[in-house]
1. Apply the Karplus parameterisation 6.51 cos²θ - 1.76 cosθ + 1.60, with θ equal to phi minus 60°, to every residue of region 366-376 and state each ³J(HN,Hα) to the nearest whole Hz, in sequence, with x for glycine and proline.
2. Note down the net charge around residue 351, summing +1 for each Lys or Arg and -1 for each Asp or Glu among other residues with Cβ under 10 Å from its Cβ.
3. Which value, in debye to the nearest 20, gives the size of the charge dipole of region 194-323 about its Cα centre, when Lys and Arg are +1 and Asp and Glu are -1 at the Cβ?
4. Using the crude model of +1 on Lys and Arg Cβ and -1 on Asp and Glu Cβ, and no other charge, please compute the dipole size for region 271-396 relative to its Cα centre, in debye to 20.
5. With r defined as the distance between the Cβ atoms of residue 314 and residue 121 and R0 fixed at 60 Å, what FRET efficiency is calculated, to the nearest 0.05?
6. Using Cβ counts within 10 Å as a stand-in for footprinting exposure, how do 193, 104 rank, fewest first?
7. Which listed residue (362, 280, 386) has the Cα farthest towards the positive end of the charge dipole for region 271-396, taking +1 on Lys and Arg C-beta and -1 on Asp and Glu C-beta about the Cα centre?
8. Let's see if you can work this out: charge +1 on each Lys and Arg Cβ, -1 on each Asp and Glu Cβ, no other charges. What is the dipole magnitude of region 269-313 about its Cα centre, in debye to the nearest 20?
Amino acid sequence: MSTPPQPGPQGPHAQGPHPAGQHHHPPQPQPEHPHLPSQPYPYAYPQPGPWGQPYGGHGGRPGEARLSGLAVAAFVLGILCFVPAVGLVLGLVALARIRKRGERGKGFAVAGSVLSCVGLALWAALLSTGAAGDFWDGFRDAARGEGTAYALEKGQCFTTPSGSLQGVTYDVDEVPCAQQHDGEVFASFELPRGSFPGDTEISRAADDRCYALQDGYAMDRWALPADVDVYYLTPTSGSWRTGDREITCLFGNTDERADLTGSLRNDGARLDADQHTYLLAEGHLNRAMDRMPGAAAVEDDLAAYRIWAGQVAEALRAETTMLDRHRWPGGAERPVTELVRDLETARDEWGLAAKATDADTYYAHYGKGYDLLAADTTVTAREALGLATTPPDHEAGGEDGGGGDDPGLKV
């Protein structure tokens with residue numbers, strides 16, 4: 001998932017041109033002495049020395065002790081509380097110099113030191129209670145606004161300036177899902193706090209979680225178009241420093257030149273009770289199929305494929321149990337019963353594949369079990385329930401899909 005430039009301190013992975021409406025002006029010429037009045041005076045000014053004080057003078061009325069610049073700086077930093085440690089050090093140094101040189105400003109130095117101590121105590125409390133993280137969460141929430149990737153929520157569709165779901169972005173335009181759009185948000189989650197884990201680790205976490213969360217939004221995988229895949233919006237190193245930990249999961253077209261039209265949402269709110277039960281049962285199988293080993297051939301990693309076959313067999317056991325326990329409407333009862341019979345046979349074949357001692361035996365049982373997953377009985381049962389009847393390609397999906405080599409926008 002991945003697109004926005006950033007608000008304030010760097011926003012989510014999204015760098016790029018300056019935001020619309022922001023202009024840059026050439027620097028204006030400065031007067032020769034920017035700190036002095038522009039009108040002429042009948043005498044020359046001494047050259048400024050350290051801390052803005054002129055050499056050879058006290059900066060006050062004749063005969064009056066010089067005001068300590070360090071004391072004033074300590075007081076200002078103590079009030080700001082942004083760098084309390086610096087304010088405290090400057091205050092202590094100022095007190096020592098005031099005693100030694102007879103300068104004015106002891107009150108400023110003492111007040112600055114006290115305020116800095118208070119600031120240090122506050123910062124320690126913020127860090128120990130997690131309030132600092134809450135502060136950055138508030139900053140991010142303030143950055144959320146119409147037209148930014150931070151503002152996207154579940155169920156919303158949007159377009160990006162580039163029309164792509166890869167790269168870095170910040171600006172997005174929310175549009176009705178009935179219109180053409182680049183992405184549709186189906187879930188989001190937060191990464192744990194800590195140091196920036198790196199783009200590779202963030203993409204891995206996004207890949208794992210987003211694929212697991214897609215079924216909660218689009219329960220019927222058979223209803224997803226073949227050219228739709230999972231993408232995500234992820235934080236950049238810059239937005240991470242401002243407290244951004246959110247990953248946004250979304251659907252997009254695998255062809256960057258093509259758009260989506262219409263919502264892909266297909267959850268409990270849009271299904272009847274029978275459809276919902278069927279898809280919940282089928283979800284066991286979908287999640288098991290997603291765990292297919294990464295080895296290209298069974299003989300390359302027979303042990304991993306045997307474990308996977310066992311997982312598929314257990315998923316089929318859970319699916320058939322749910323289907324058996326539900327009371328189906330008259331028109332669907334017989335098709336579902338016949339489907340359960342095929343799924344039980346498929347479960348036995350996958351169970352035998354899990355016990356295979358060689359690749360040839362594995363292939364023999366795997367082939368029979370796999371064919372039964374998309375048999376006519378599955379299509380007939382789905383048709384009776386008013387669900388999609390075009391089976392997906394299990395071998396093309398799974399956790400290694402991701403819409404290409406870089407399936408995410410950074411904000």
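The numbers here are math on the coordinates, done by the rules we state, and not lab data. Computed from a prediction, not measured in an experiment: that's the story for all the values here. Here the Cβ is made from the backbone with ideal geometry for all residues, glycine too, and neighbour counts use every protein chain on show.
1. Once rounded to whole Hz, the list reads 4, x, 5, x, 5, 4, 6, 6, 10, 6, 4.
2. Value of the local net charge: 0.
3. Result for region 194-323 is approximately 340 debye, rounded to the nearest 20.
4. 420 debye
5. 0.60
6. In order of increasing Cβ crowding within 10 Å: 193, 104.
7. 280
8. In debye, rounded to 20, region 269-313 gives about 120.
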